[in-house]
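Visitor: I'd like to ask you about the structure that follows.
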Amino acid sequence: MNKQIFIDELKKLNIYLDDLQLNNLEKYYELLIEWNNKINLTRITEKEEVYLKHFYDSLTLMKAINLKEDIFVCDIGTGAGFPGIVLKICFPNLNITLIDALEKRIKFLNAVIKELDLKNITAIHIRAEEYAKETREKFDIVVSRAVAKLNILNELCLPLVKKGGYFITMKANIDDEIEKSTNSLLKLNSHIEDVINFKLPIENSNRNLIKIKKDDETNKKYPRNFGKISKNPL
Ligand code: SAM
């Protein structure tokens, strides 16, 4: 996706970027490539592909939620910063917390935050289930792209969401994940409000945004330890 198509496609999502934001995306791309030579961040490195599959794809979250509001967002398993860093560059109004279990990736994210002088964004090296034990009902929105199956993600992410807030997961293929998540949604007092299916421009691959509303507080017994979550998912 070249720069002009990127800008044009974003307009269709009601996203208009200024020069500073476009320059910051460019700098982020350069840092991604530089650090990717030292640590494993992404297998997608060709510039137009990064703009499509990482930058544009992260911003499709706008199809599920209005990102122009001043809200607290947590990105679970952010990896090299997708979607969290892209959201922060394009929506400085958001207060963002990035979570990942791999320390090297957090070091990279802190370098990006410093280099781009991003404010109101924190990157934390911690496992989601540990973070969710101590940080309850804090975020308006929790997002997670390409991290785990939905029934597992629900237990990791929903305890972090405020009552009335949303957990939104971004996935290429969902197969039978929705059917298999019924019990976890019941136990975690939440329901699927919407499933937004669309095609990524240019390559026409499948994308899904599963938008889950948290109806009531989460029982303190969730999340369980990761061994239990993965061996015996809700
Ligand atoms: N969200 C990014 C993206 O879409 O490019 C990264 C996806 S990568 C496939 C999955 C990431 O989730 C990895 O960086 C991994 O370290 C992290 N992760 C997996 N399980 C996790 C957990 N329980 N807590 C925190 N991070 C986790």
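A short reminder: the numbers here are calculations on the coordinates, not readings from a lab. No experiment lies behind these values; they were computed from the predicted model shown. Cβ: placed from backbone, ideal geometry, glycine included. Neighbour counts: every protein chain shown.
Visitor: Any chance you could run the full-extension gain for Glu137 through Asn93? It's 0.36 nm times the residue separation minus the Cα-Cα distance, nm to one decimal.
Guide: Contour length minus Cα-Cα distance gives 13.8 nm.
Visitor: I would also like to ask the following. Using only Cα atoms, locate the centre of the stretch 92-166 and the centre of the stretch 171-219, then give the distance between them in Å, rounded to an integer.
Guide: 18
Visitor: Just want to confirm a number: the relative contact order over the chain, from Cα pairs under 8 angstrom separated by 6+ residues, in percent.
Guide: 16
Visitor: Evaluate E = 1/(1 + (r/R0)^6) for Ile33 and Asn110, where r is the Cβ-Cβ distance and R0 equals 22 Å; express this FRET efficiency to the nearest 0.05.
Guide: E between Ile33 and Asn110, to the nearest 0.05, is 0.80.
Visitor: What does the extension gain come out to for Lys47 and Asn219, with contour length at 0.36 nm per residue minus their alpha carbon separation?
Guide: 57.5 nm
Visitor: Same structure again: Rounded, prolate or oblate: which fits the stretch 113-234 when a ≥ b ≥ c are the square roots of the eigenvalues of the alpha-carbon gyration tensor, with rounded for a/c under 1.5 and prolate only if a/b beats b/c?
Guide: Cα axes put the stretch 113-234 in the oblate bin.
Visitor: Follow-up. Ignoring everything except DSSP H segments at least 4 long, calculate the 222 nm mean residue ellipticity for the chain; use -39,500 (n - 2.57) per segment, divide by total residues, nearest 500.
Guide: -9500 deg cm²/dmol
Visitor: A further question follows. Is the shape of the stretch 80-136 rounded, prolate or oblate, going by the alpha carbon gyration tensor and its root eigenvalues a ≥ b ≥ c, with a/c under 1.5 for rounded and a/b larger than b/c for prolate?
Guide: It is oblate, given that a/c is not under 1.5 and a/b is not larger than b/c.
Visitor: Assuming 0.36 nm per residue, please report the length gained on full extension of the stretch Lys119 to Glu26 beyond their Cα-Cα distance.
Guide: Taking 0.36 nm per residue and subtracting the Cα distance, the gain is 31.7 nm.
Visitor: Stokes-Einstein at 25 °C, 0.890 mPa s, Kirkwood radius from Cα pairs: D for the stretch 1-150 in µm² s⁻¹?
Guide: It comes out at roughly 158 µm²/s.
Visitor: Could you give the alpha-carbon Rg of the stretch 136-204 over 2.2 N^0.38 Å, rounded to two decimals?
Guide: The reported ratio for this selection is 1.14.
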